[in-house]
Amino acid sequence: MVGLEISEQLRRLEIPGRVTFMEGNGGLPKIEVNTEHSSAEIYLHGAHVTDFQKKGEAPLLFTSQFSRFTPTQPIRGGVPVIFPWFGPREGEPTHGFARAVSWDLHEAVTLPEGGVTLRFHLPELAESAVWPPFSANYVVTFTDTLSMELLITNTSADEVFSFETCLHSYFFVGDINEISIVGLKGAGYLDKTDHFAPKTESGESIRIASEVDRIFLDTTAPVEIHDRKLQRKIRIDKIGSASTVIWNPGVGKSQQMPDFGNEEYKQMICVESGNVGRNRVALPPGRTAVLKVTFSSARL
(Lines give C-alpha, C1' and ligand atoms only; values in the text may rest on other atoms or scores of the structure.)
Protein backbone atom coordinates (compact mmCIF):
# COMPACT_ATOMS: atom_id res chain seq x y z
CA MET A 1 0.00 0.00 0.00
CA VAL A 2 1.51 3.32 -1.11
CA GLY A 3 0.46 5.27 2.00
CA LEU A 4 2.04 2.78 4.40
CA GLU A 5 5.24 2.61 2.34
CA ILE A 6 5.65 6.40 2.47
CA SER A 7 4.95 6.57 6.19
CA GLU A 8 7.70 4.06 6.93
CA GLN A 9 10.19 6.34 5.18
CA LEU A 10 8.94 9.26 7.26
CA ARG A 11 8.81 7.51 10.62
CA ARG A 12 12.15 9.01 11.69
CA LEU A 13 10.58 12.50 11.44
CA GLU A 14 7.87 11.73 13.98
CA ILE A 15 7.98 13.67 17.24
CA PRO A 16 6.18 11.86 20.09
CA GLY A 17 3.09 13.76 21.18
CA ARG A 18 3.63 16.42 18.51
CA VAL A 19 3.98 15.00 14.98
CA THR A 20 2.35 11.67 14.04
CA PHE A 21 2.07 10.01 10.62
CA MET A 22 -1.01 7.99 9.78
CA GLU A 23 -3.22 6.85 6.95
CA GLY A 24 -5.75 9.55 6.11
CA ASN A 25 -8.87 9.58 3.96
CA GLY A 26 -8.60 7.55 0.77
CA GLY A 27 -5.44 5.90 2.11
CA LEU A 28 -3.43 9.10 1.58
CA PRO A 29 -0.60 9.71 4.09
CA LYS A 30 -1.56 12.31 6.69
CA ILE A 31 0.38 14.13 9.38
CA GLU A 32 -1.36 14.91 12.65
CA VAL A 33 0.12 17.85 14.58
CA ASN A 34 -0.49 18.72 18.23
CA THR A 35 0.93 21.84 19.86
CA GLU A 36 0.48 23.56 23.23
CA HIS A 37 -2.24 25.73 21.66
CA SER A 38 -3.75 23.85 18.71
CA SER A 39 -4.25 20.70 16.68
CA ALA A 40 -3.97 20.30 12.91
CA GLU A 41 -3.72 17.87 10.05
CA ILE A 42 -1.84 18.12 6.79
CA TYR A 43 -1.67 15.69 3.86
CA LEU A 44 1.49 15.01 1.86
CA HIS A 45 -0.83 15.16 -1.16
CA GLY A 46 -0.56 18.83 -2.15
CA ALA A 47 1.21 19.60 1.18
CA HIS A 48 -2.40 20.36 2.00
CA VAL A 49 -3.43 21.66 5.43
CA THR A 50 -6.96 20.32 5.91
CA ASP A 51 -7.58 21.21 9.55
CA PHE A 52 -6.39 23.72 12.14
CA GLN A 53 -8.13 24.27 15.45
CA LYS A 54 -7.12 26.32 18.46
CA LYS A 55 -7.95 24.75 21.81
CA GLY A 56 -11.41 25.85 22.92
CA GLU A 57 -12.38 27.21 19.48
CA ALA A 58 -14.34 26.05 16.44
CA PRO A 59 -12.21 24.80 13.51
CA LEU A 60 -10.52 27.63 11.63
CA LEU A 61 -10.59 25.85 8.26
CA PHE A 62 -13.40 24.28 6.23
CA THR A 63 -12.90 20.99 4.37
CA SER A 64 -15.82 19.51 2.42
CA GLN A 65 -17.33 16.23 3.60
CA PHE A 66 -17.59 15.37 -0.10
CA SER A 67 -13.93 16.01 -0.96
CA ARG A 68 -12.29 13.32 -3.08
CA PHE A 69 -9.15 12.07 -1.39
CA THR A 70 -7.40 10.46 -4.36
CA PRO A 71 -3.81 10.73 -5.65
CA THR A 72 -4.90 12.44 -8.87
CA GLN A 73 -7.35 15.08 -7.62
CA PRO A 74 -7.00 18.09 -5.32
CA ILE A 75 -8.57 18.10 -1.87
CA ARG A 76 -11.61 20.38 -1.58
CA GLY A 77 -11.13 22.77 1.34
CA GLY A 78 -8.38 23.59 3.81
CA VAL A 79 -5.48 25.45 2.17
CA PRO A 80 -4.69 24.29 -1.40
CA VAL A 81 -1.30 25.45 -2.72
CA ILE A 82 -1.91 27.05 -6.13
CA PHE A 83 1.16 27.11 -8.40
CA PRO A 84 2.37 27.81 -11.10
CA TRP A 85 -0.87 29.21 -12.51
CA PHE A 86 -4.21 30.37 -11.11
CA GLY A 87 -7.55 29.47 -12.66
CA PRO A 88 -8.16 27.53 -15.87
CA ARG A 89 -5.46 26.78 -18.44
CA GLU A 90 -6.25 25.08 -21.75
CA GLY A 91 -5.46 21.37 -21.68
CA GLU A 92 -4.19 21.59 -18.09
CA PRO A 93 -5.69 21.17 -14.62
CA THR A 94 -7.25 24.25 -13.04
CA HIS A 95 -5.00 26.07 -10.56
CA GLY A 96 -1.74 24.35 -11.55
CA PHE A 97 -0.19 21.00 -10.63
CA ALA A 98 1.20 21.66 -7.12
CA ARG A 99 -2.07 20.93 -5.29
CA ALA A 100 -2.59 17.49 -6.86
CA VAL A 101 0.82 15.84 -6.35
CA SER A 102 2.56 14.47 -3.28
CA TRP A 103 5.18 16.75 -1.69
CA ASP A 104 8.23 15.50 0.22
CA LEU A 105 8.49 16.28 3.92
CA HIS A 106 12.13 16.81 4.81
CA GLU A 107 12.03 18.34 8.29
CA ALA A 108 9.80 18.45 11.37
CA VAL A 109 10.90 20.51 14.39
CA THR A 110 9.39 21.66 17.65
CA LEU A 111 9.55 25.31 18.69
CA PRO A 112 10.49 26.64 22.16
CA GLU A 113 6.96 27.96 22.75
CA GLY A 114 5.42 24.54 22.06
CA GLY A 115 4.70 24.91 18.34
CA VAL A 116 5.70 22.76 15.35
CA THR A 117 7.25 23.61 11.98
CA LEU A 118 7.09 21.29 8.95
CA ARG A 119 9.20 21.84 5.82
CA PHE A 120 8.10 20.42 2.47
CA HIS A 121 9.71 20.31 -0.97
CA LEU A 122 8.01 19.80 -4.34
CA PRO A 123 9.75 16.86 -6.02
CA GLU A 124 10.82 16.89 -9.65
CA LEU A 125 7.79 16.37 -11.86
CA ALA A 126 7.24 15.67 -15.54
CA GLU A 127 4.83 18.63 -15.51
CA SER A 128 7.69 20.97 -14.59
CA ALA A 129 9.65 20.25 -17.77
CA VAL A 130 7.93 22.99 -19.82
CA TRP A 131 8.83 25.66 -17.23
CA PRO A 132 12.20 27.22 -16.48
CA PRO A 133 14.02 25.18 -13.81
CA PHE A 134 12.84 26.04 -10.29
CA SER A 135 12.59 24.73 -6.76
CA ALA A 136 9.50 25.03 -4.54
CA ASN A 137 9.60 24.79 -0.75
CA TYR A 138 6.74 25.16 1.70
CA VAL A 139 7.14 25.86 5.42
CA VAL A 140 4.11 25.44 7.69
CA THR A 141 4.21 26.53 11.34
CA PHE A 142 1.54 25.64 13.88
CA THR A 143 1.28 27.58 17.16
CA ASP A 144 -1.80 29.52 18.34
CA THR A 145 -1.69 30.77 14.72
CA LEU A 146 -1.26 28.99 11.39
CA SER A 147 1.58 30.32 9.24
CA MET A 148 2.43 29.14 5.71
CA GLU A 149 5.39 30.23 3.61
CA LEU A 150 5.74 29.28 -0.06
CA LEU A 151 9.25 29.85 -1.44
CA ILE A 152 9.82 29.62 -5.20
CA THR A 153 13.41 29.84 -6.45
CA ASN A 154 14.35 30.38 -10.09
CA THR A 155 17.31 28.02 -10.58
CA SER A 156 17.70 28.91 -14.27
CA ALA A 157 20.95 30.52 -15.38
CA ASP A 158 19.37 33.04 -17.73
CA GLU A 159 15.56 32.73 -17.95
CA VAL A 160 13.00 34.84 -16.11
CA PHE A 161 10.41 32.58 -14.45
CA SER A 162 6.88 34.01 -14.70
CA PHE A 163 4.21 32.32 -12.57
CA GLU A 164 1.18 32.79 -10.32
CA THR A 165 0.82 31.69 -6.70
CA CYS A 166 -2.10 31.53 -4.29
CA LEU A 167 -2.85 29.98 -0.91
CA HIS A 168 -6.52 29.22 -1.59
CA SER A 169 -7.71 29.13 2.03
CA TYR A 170 -11.21 27.95 2.93
CA PHE A 171 -12.40 29.26 6.31
CA PHE A 172 -15.12 27.71 8.47
CA VAL A 173 -17.87 30.15 9.46
CA GLY A 174 -21.00 29.80 11.57
CA ASP A 175 -23.39 31.17 8.92
CA ILE A 176 -22.43 32.82 5.62
CA ASN A 177 -25.26 35.34 6.13
CA GLU A 178 -23.73 36.42 9.45
CA ILE A 179 -20.20 37.31 8.33
CA SER A 180 -18.55 40.43 6.99
CA ILE A 181 -15.13 40.79 5.36
CA VAL A 182 -13.12 43.88 6.27
CA GLY A 183 -9.95 45.40 4.84
CA LEU A 184 -10.61 45.78 1.12
CA LYS A 185 -12.30 49.20 0.93
CA GLY A 186 -10.98 51.13 -2.08
CA ALA A 187 -9.38 48.09 -3.71
CA GLY A 188 -10.02 47.33 -7.36
CA TYR A 189 -11.20 43.86 -8.38
CA LEU A 190 -12.33 41.74 -11.30
CA ASP A 191 -15.84 40.36 -10.80
CA LYS A 192 -15.88 36.84 -12.24
CA THR A 193 -19.66 36.62 -11.76
CA ASP A 194 -20.01 39.59 -14.12
CA HIS A 195 -17.72 38.57 -17.01
CA PHE A 196 -14.58 39.78 -15.17
CA ALA A 197 -15.88 43.37 -15.10
CA PRO A 198 -13.42 45.70 -13.31
CA LYS A 199 -14.97 47.24 -10.19
CA THR A 200 -13.91 49.03 -7.01
CA GLU A 201 -14.91 47.98 -3.50
CA SER A 202 -16.64 50.99 -1.97
CA GLY A 203 -17.99 49.57 1.29
CA GLU A 204 -16.29 49.28 4.67
CA SER A 205 -17.17 45.59 4.66
CA ILE A 206 -18.31 42.88 2.24
CA ARG A 207 -21.41 40.83 3.01
CA ILE A 208 -22.22 37.57 1.17
CA ALA A 209 -25.77 37.20 -0.16
CA SER A 210 -25.17 35.07 -3.29
CA GLU A 211 -22.27 33.67 -5.34
CA VAL A 212 -19.16 35.84 -4.91
CA ASP A 213 -15.96 35.50 -6.96
CA ARG A 214 -13.76 38.58 -6.84
CA ILE A 215 -10.06 38.90 -7.68
CA PHE A 216 -8.70 41.95 -5.84
CA LEU A 217 -5.49 43.25 -7.40
CA ASP A 218 -2.72 45.51 -6.12
CA THR A 219 -3.66 45.05 -2.47
CA THR A 220 -1.23 44.00 0.24
CA ALA A 221 -3.55 44.80 3.14
CA PRO A 222 -4.53 42.31 5.84
CA VAL A 223 -8.13 41.09 5.76
CA GLU A 224 -10.47 40.13 8.60
CA ILE A 225 -13.52 37.88 8.66
CA HIS A 226 -16.01 38.99 11.33
CA ASP A 227 -18.25 36.06 12.26
CA ARG A 228 -21.21 37.11 14.41
CA LYS A 229 -22.57 33.56 14.77
CA LEU A 230 -19.31 32.15 16.18
CA GLN A 231 -18.39 35.47 17.84
CA ARG A 232 -14.98 35.16 16.21
CA LYS A 233 -12.66 37.37 14.20
CA ILE A 234 -10.21 35.69 11.79
CA ARG A 235 -7.30 37.80 10.60
CA ILE A 236 -5.31 37.05 7.43
CA ASP A 237 -1.90 38.74 7.40
CA LYS A 238 0.22 38.39 4.28
CA ILE A 239 3.71 39.22 3.01
CA GLY A 240 4.76 39.01 -0.63
CA SER A 241 1.17 39.00 -1.88
CA ALA A 242 -0.45 41.66 -4.09
CA SER A 243 -3.74 39.82 -4.76
CA THR A 244 -6.65 38.74 -2.56
CA VAL A 245 -9.46 36.51 -3.85
CA ILE A 246 -12.88 36.24 -2.20
CA TRP A 247 -14.99 33.24 -3.18
CA ASN A 248 -18.22 31.56 -2.13
CA PRO A 249 -20.01 29.38 -4.70
CA GLY A 250 -23.54 30.18 -3.52
CA VAL A 251 -26.41 27.74 -3.84
CA GLY A 252 -26.38 27.30 -7.64
CA LYS A 253 -22.71 26.51 -8.17
CA SER A 254 -22.62 24.31 -5.04
CA GLN A 255 -25.11 21.95 -6.66
CA GLN A 256 -22.89 21.65 -9.74
CA MET A 257 -19.73 20.66 -7.81
CA PRO A 258 -19.41 16.88 -7.29
CA ASP A 259 -16.89 17.23 -4.44
CA PHE A 260 -18.91 19.83 -2.51
CA GLY A 261 -22.20 19.50 -0.61
CA ASN A 262 -25.29 21.35 -1.79
CA GLU A 263 -25.59 23.23 1.51
CA GLU A 264 -21.91 23.57 2.44
CA TYR A 265 -21.61 27.08 1.00
CA LYS A 266 -23.43 28.27 4.14
CA GLN A 267 -20.44 27.42 6.36
CA MET A 268 -17.41 28.51 4.34
CA ILE A 269 -15.73 31.49 2.79
CA CYS A 270 -12.52 31.57 0.77
CA VAL A 271 -10.19 34.50 1.42
CA GLU A 272 -7.15 33.68 -0.70
CA SER A 273 -3.75 35.38 -0.73
CA GLY A 274 -1.35 35.32 -3.67
CA ASN A 275 -0.12 36.91 -6.86
CA VAL A 276 -2.43 36.38 -9.81
CA GLY A 277 -3.33 38.03 -13.11
CA ARG A 278 -1.35 41.23 -13.59
CA ASN A 279 0.20 40.64 -10.14
CA ARG A 280 1.91 37.46 -11.35
CA VAL A 281 5.56 37.10 -10.36
CA ALA A 282 8.39 37.63 -12.87
CA LEU A 283 11.35 36.12 -11.05
CA PRO A 284 14.91 36.77 -12.29
CA PRO A 285 17.44 33.90 -12.38
CA GLY A 286 18.85 32.97 -8.98
CA ARG A 287 16.18 34.84 -7.02
CA THR A 288 13.54 33.55 -4.60
CA ALA A 289 9.96 34.79 -4.25
CA VAL A 290 8.36 34.37 -0.82
CA LEU A 291 4.61 34.30 -0.18
CA LYS A 292 3.85 34.19 3.55
CA VAL A 293 0.37 34.10 5.07
CA THR A 294 -0.57 33.93 8.77
CA PHE A 295 -4.04 33.17 10.13
CA SER A 296 -4.95 34.23 13.65
CA SER A 297 -8.25 34.35 15.52
CA ALA A 298 -9.76 36.17 18.49
CA ARG A 299 -13.12 36.83 20.10
CA LEU A 300 -15.22 39.33 18.15
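The values are calculated or read from the model by the stated rules, or taken from the named source; none is laboratory data. Everything numeric here is computed off the predicted structure, so don't read it as measured data. No Cβ is skipped: glycine too gets one built from the backbone with ideal geometry, and neighbour counts run over all protein chains shown. Quick note on the areas: whole protein, heavy atoms, side chains included, nothing else; ligands and nucleic acids left out. Shrake-Rupley method; radii C 1.70, N 1.55, O 1.52, S 1.80 Å.
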Relative contact order (percent) for region 1-115, with alpha-carbon contacts under 8 angstrom and 6 or more residues of separation? 21 percent
May I ask for the percentage of alpha-carbon pairs in region 27-74 that lie more than 15 Å from each other? 48 percent
Need one number: the % of Cα-Cα pairs in the chain sitting beyond the 37 Å mark. 10 percent
Accessible surface of Glu36 in the full protein assembly, 1.4 angstrom probe, to the nearest 10 Å²? 100 Å²
Kirkwood estimate for region 148-293, i.e. one over the average of 1/r between Cα atoms, Å: 16.2 Å
Please report, as a whole percent, how much of the solvent-accessible surface of region 57-178 comes from carbon and sulfur atoms (probe radius 1.4 Å). 49 percent
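Based on the mean of other beta carbon atoms within 10 Å per residue, what is the order of 114-121, 269-276, most packed first?
Details: 114-121: 19.2, 269-276: 24.4.
Going from most to least packed, we get 269-276, 114-121.
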Heavy-atom accessible area of region 204-280 with neighbours in place, 1.4 angstrom probe: carbon+sulfur share in percent works out to 47 percent
Take the Cα of Glu23, step 7 Å along the line toward its Cβ, and report every residue of region 47-87 whose backbone nitrogen sits under 18 Å from that point. 69-72
Counting only residues 5 or more apart in sequence or on a different chain, those whose built amide H sits under 5 Å from that of Phe171 are Phe62, Ile269, Cys270, Val271
Scoring only Lys, Arg, Asp and Glu (+1, +1, -1, -1) among other residues with Cβ under 11 Å from the Cβ of Gly186 yields -2
Whole-Hz Karplus ³J(HN,Hα) for region 259-268, in order, using 6.51 cos²θ - 1.76 cosθ + 1.60 and θ = phi - 60°, x for Gly and Pro? 10, 8, x, 4, 9, 5, 4, 6, 10, 8
For region 169-217, with every protein chain kept in place, what is the accessible area per residue (1.4 Å probe, Å²)? 46 Å²
Judged on accessible area alone, 1.4 Å probe, highest first, Ser64, Ser39 line up as Ser39, Ser64
Largest-first ordering by accessible area, 1.4 Å probe, given options Met22, Met257: Met22, Met257
What pairs in Lys30/Lys229; Lys55/Lys292; Lys192/Lys229; Lys30/Lys253; Lys229/Lys266; Lys199/Lys233 have C-alpha atoms more than 19 Å from each other? Lys30/Lys229; Lys55/Lys292; Lys192/Lys229; Lys30/Lys253; Lys199/Lys233
For region 100-115, in order, what is each residue's ³J(HN,Hα) by Karplus, 6.51 cos²θ - 1.76 cosθ + 1.60 with θ = phi - 60°, in whole Hz (x at glycine and Pro)? 10, 10, 7, 8, 8, 8, 10, 7, 9, 9, 8, 9, x, 8, x, x
Rounded to the nearest 10 Å², what accessible area does Val290 show when all protein chains are kept and the probe is 1.4 Å? 60 Å²
With the 1.4 Å probe rolled over protein heavy atoms, region 33-99 has an accessible area per residue in Å² of 39 Å²
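For the chain, what does the relative contact order come out to in percent, with C-alpha contacts under 8 Å and a separation of six or more?
With pairs under 8 Å counted, the relative contact order is 17 percent.
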List the residues whose amide H sits under 5 Å from the amide H of Leu283, counting only those 5 or more places along or on another chain, with H placed 1.01 Å from N in the peptide plane. Phe161, Ser162, Phe163
